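The values are calculated or read from the model by the stated rules, or taken from the named source; none is laboratory data. These figures come from a predicted structure and were not determined experimentally. Methodologically, a virtual Cβ is constructed for each residue, glycine included, from the backbone with ideal geometry; neighbour enumeration extends over all protein chains shown. Side chains included, ligands, DNA and RNA excluded: accessible areas come from the protein's heavy atoms. Shrake-Rupley method; radii C 1.70, N 1.55, O 1.52, S 1.80 Å.
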Amino acid sequence: LHSVDTFVQSYKKSHPEERVPCTKTVYALINAAVLSIRNIDLPMKTRMRPRKKTVSDPKGRNARYLGRSIEERAPEVLSRETFGHWEVDLVLGKKTKNEPVIITMVERKTRYFLTKKVWGKSAALVQKGVLDLMKNKD
């Protein structure tokens, strides 16, 4: 009894003139029922747990593409002594598709607060919503 990987590697060594698929391809063929062997016939495969798919973390490797960090604020913004510094954020509801979101804009000095409901969180919809809020804030 050998693992699929052991079989593939030993077959490659004993038949160097043949093109042999990699282990991942052989497992894909087994899963697709192209080969006569089944997953239940592989004792190691039935004991293995499927790997969980990781969700990309916005604070991880993609963070540098999402704009400047909040820690890089200018000192006058942090002091809240001048008017005109706005914070924009999205409030998300349920994690379902096509769920509306709420855009919030807060002026840092006066804490003046604006909100707008937008029917999606795509960049285009959020940008349009922020521009609408900015035009109608007077």
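Give me the 1.4 Å probe accessible area per residue for region 69-138, excluding ligands and nucleic acids, in Å².
Per-residue accessible area for region 69-138 comes out at 77 Å².
Report the calculated FRET efficiency for LEU29 and LYS95 (r = Cβ-Cβ distance, R0 = 41 Å), to the nearest 0.05. Walk me through the numbers on the way to the answer.
Working: r = 35 Å, r/R0 = 0.87.
Rounded to the nearest 0.05, the efficiency is 0.70.
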Check: CYS22 versus PHE7, label points 7 Å from Cα toward the beta carbon: distance in nm?
Finding: 1.9 nm
